[in-house]
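A quick write-up on the structure given underneath.
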């Protein structure tokens, strides 16, 4: 079964309820879209992520009321280096969508979505711990997996697999 | 929403309270969970789970392995339901590859996935009951679990770390007599569930310890990202197997148990009902097991049979290539979620087109479920914490990874 090529043209995809809602709210919040392997990805502007999440959660046409996951991908050495990935699930509509925020390597800061979903708490702490992304507005941004006094962020690509010895 | 974001427990708030450290080496924390409690007498003022004692960096390790070498690592994340993790990972890689899986392999996966769910729920029920003080149930549950593990060993050669599902199918043809043994088990298992229920469901002591204890509302459960029986115990009717089916689950008939109360007893009832539903799915899988190959026809991805390798040059070359350089996966990313015994287990895999995953992230159901603990416990008694921890069925291996 050959894979269908990914669709990245926003004109073809703007009928998707989540994209339509974000575009009608603030066209500059959507930086790009990708539809690949039956999964929708929306690249959201860094400053708009919290509002975008609240919007998609509360809009009855989208109803993405469940935050499945928050994680991060490090594209070292290219820039923007980090992609913070939010997997949203709509329990009533049985649909998923993925939001992504691109962050520069020099100052990876993004708004926390804990005010929207309190469940993001541990996920964001984990991303902070393992990638060094800072979530502004997080109630308790401390290391969660690694020891408190650990140096470095192990899941970054410039951190060796066997660690520093 | 503010009430769902717990205040960190760092130092006592008032003169009346004290800080109590529970764990990480405590028999009722199901592994190495540390819980910091601020208590006023026996009442809990604040509670904060502290995790990370079992962090082994599996996500980082995955980035240095070939795709097929990650399968044994996924077993070790959640040692109570290894096959669910195998399934989720292989489904994600197959989605990246665009690989079609033969029906027999899919049905074997459903069959073994439900056996794994039974295995996991039996360990949960036994240990949860023992935490609360019902010793006997533990022995009963482990009697049946032993039989399940023996069947795992018969099938894959391993009791716990099975690694039975592989990218493109399953690793081995089920041995002679395996299906009969499973059918035997499916025959007597519902009676055994009756036995557990006789010991617990109507038991007044069990009722006192579980009913109305550690309640959580549906809205709070969704906001905190809880899934699985922890969410269904609060009345949210959502199960990935039924609502977003994978691996041909849409061809099976089963009911999703939901309870309204949101307390420890409701979660207990959900899981016990799930035991019965799972054995129903096992029976359907046995009855409708299709004939045919157990591996996809993709020589560049799936290891050839031993016999072919000895007789055909081409198979030998493919085998050598897969073992030494892995198989390449087209660039892209997928998020695949399955319904594990604990909730939504998800794998987010990013490929850069090489034979090693660029990033593997596991969405752990327990990590999200554990966040419900402060909401469940604050304002209640210290003894209820043990009941609450048991009722959300945590596995620390999965939380810390």
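With viscosity set to 0.692 mPa s and temperature to 37 °C, compute the Stokes-Einstein D of chain B, Rh being the Kirkwood radius across alpha carbon pairs; µm²/s, no decimals.
Numbers: Rh = 22.1 Å.
It comes out at roughly 149 µm²/s.
Can you sort B:83, B:18, B:362 by how many other beta carbons sit within 10 Å, fewest first?
Exposure proxy ranking, most exposed first: B:18, B:362, B:83.
So what's region B:191-236 giving for Rg/Rh, alpha carbon basis, Kirkwood Rh from the mean inverse pair distance?
Values: Rg = 13.5 Å, Rh = 12.2 Å.
For region B:191-236, the value is 1.11.
Report relative contact order for region B:74-126 in percent, whole number only (criteria: Cα-Cα under 8 Å, sequence separation at least 6). Walk me through the numbers on the way to the answer.
Details: 29 pairs, mean separation 22.6, N = 53.
Averaging sequence separation for qualifying contacts and normalising by length gives 43 percent for region B:74-126.
For residue B:179 paired with residue A:8, estimate the spin-label separation in nm (one decimal), with each label point 7 Å from Cα along the Cα-to-Cβ line.
It is 4.8 nm.
For region B:191-330, report the translational diffusion coefficient in µm²/s to the nearest whole number, using Stokes-Einstein at 20 °C, 1.002 mPa s, and a Kirkwood Rh over Cα pairs. Write out the running numbers ahead of the final one.
Details: Rh = 19.0 Å.
Answer from the Stokes-Einstein relation: 113 µm²/s.
Which value, in Å³ per residue, describes the convex hull spanned by the Cα atoms of region B:311-401? Spell out each step's value before the answer.
Working: hull volume 12.5 nm³, N = 91.
So the per-residue Cα hull volume is 137 Å³.
Which ordering of B:89, A:35, B:164 is given by a fewest-first count of other beta-carbon atoms within 10 Å? Before the final figure, lay out each step's value.
On the way: B:89 28, A:35 19, B:164 24.
Going from least to most buried by this count: A:35, B:164, B:89.
Can you report the principal axis dimensions of chain A using only the alpha carbons, biggest first, rounded to whole angstrom?
The Cα atoms of chain A stretch 52, 38, 30 Å along the principal axes, largest first.
Counting other beta carbons within 10 Å of each residue's own, what order do B:114, A:148 fall into, fewest first?
On the way: B:114 28, A:148 7.
So the ranking, lowest neighbour count to highest, is A:148, B:114.
Grab the beta carbon distance between residue B:354 and residue A:38, set R0 = 22 Å, and tell me the FRET efficiency rounded to 0.05. Walk me through the numbers before you get to the answer.
Values: r = 23 Å, r/R0 = 1.05.
Calculated value: 0.40.
Once region B:223-279 is represented by equal point scatterers at the alpha-carbon sites, with solvent omitted, what log10 I(q)/I(0) does the Debye formula produce at q = 0.18, 0.23, 0.24 Å⁻¹?
The Cα Debye sum returns log10 ratios of -0.59, -0.89, -0.95.
For region A:10-107, calculate the relative contact order in percent as a whole number, restricting contacts to Cα pairs under 8 Å that are 6 or more residues apart.
Numbers: 177 pairs, mean separation 23.0, N = 98.
Relative contact order of region A:10-107: 23 percent.
If you split all Cα-Cα distances of region A:61-101 into 10 Å bins from zero, what percentages do you get per bin, shortest first?
30, 40, 21, 9, 0
Among bridges DSSP assigns within the protein assembly as shown, what percent are antiparallel (round to 5)? Write out the running numbers ahead of the final one.
Working: 54 of 60 bridges.
Antiparallel bridges make up about 90 percent of those DSSP assigns within the protein assembly as shown.
Can you work out D for region A:10-107 in µm² s⁻¹ from Stokes-Einstein, where Rh is the Kirkwood radius over C-alpha pairs, the temperature is 37 °C and the viscosity is 0.692 mPa s?
Details: Rh = 13.7 Å.
Roughly 240 µm²/s, to the nearest whole number.
Starting from the coordinates of the alpha-carbon atoms of region B:22-117, obtain the Kirkwood hydrodynamic radius over all distinct pairs and give the value in Å to one decimal. Don't jump to the answer; show the numbers that get you there.
Details: mean 1/r = 0.0610 Å⁻¹.
The answer is 16.4 Å.
Looking only at other chains, what is the average number of their beta-carbon atoms within 10 angstrom of each beta-carbon in B:46-53?
The shielding value for this peptide is 3.
Which shape class applies to the protein assembly as shown: rounded if a/c is under 1.5, otherwise prolate when a/b exceeds b/c and oblate if not, where a ≥ b ≥ c are the square roots of the Cα gyration tensor eigenvalues?
On the way: a/c = 1.55, a/b = 1.04, b/c = 1.49.
Because a/c hits 1.5 or more and a/b fails to exceed b/c, the protein assembly as shown counts as oblate.
So what's the gap between the Cα centers of region B:345-393 and region A:122-139, to the nearest angstrom?
Centre-to-centre (Cα) distance: 16 Å.
Using the alpha carbons of region B:278-326, what is the convex hull volume per residue in cubic angstrom, as a whole number? Intermediate values should be presented prior to the final figure.
Working: hull volume 5.4 nm³, N = 49.
Considering the Cα atoms of region B:278-326, their hull volume per residue is 109 Å³.
For chain A, calculate the relative contact order in percent as a whole number, restricting contacts to Cα pairs under 8 Å that are 6 or more residues apart.
On the way: 301 pairs, mean separation 26.6, N = 165.
Relative contact order, chain A: 16 percent.
Points 7 angstrom from Cα along the Cβ direction at residue A:51 and residue B:139: gap in nanometres?
Output for this residue pair reads 6.5 nm.
What are the extents of the Cα atoms of region B:242-391 along their three principal axes, listed from largest to smallest and rounded to whole Å?
In descending order, the Cα extents are 69, 40, 25 Å.
Computed from the coordinates by the stated procedures, all read-outs in this text should not be read as laboratory data. What you see is a predicted model; the values in this text were computed from it and never measured. No Cβ is skipped: glycine too gets one built from the backbone with ideal geometry, and neighbour counts run over all protein chains shown.
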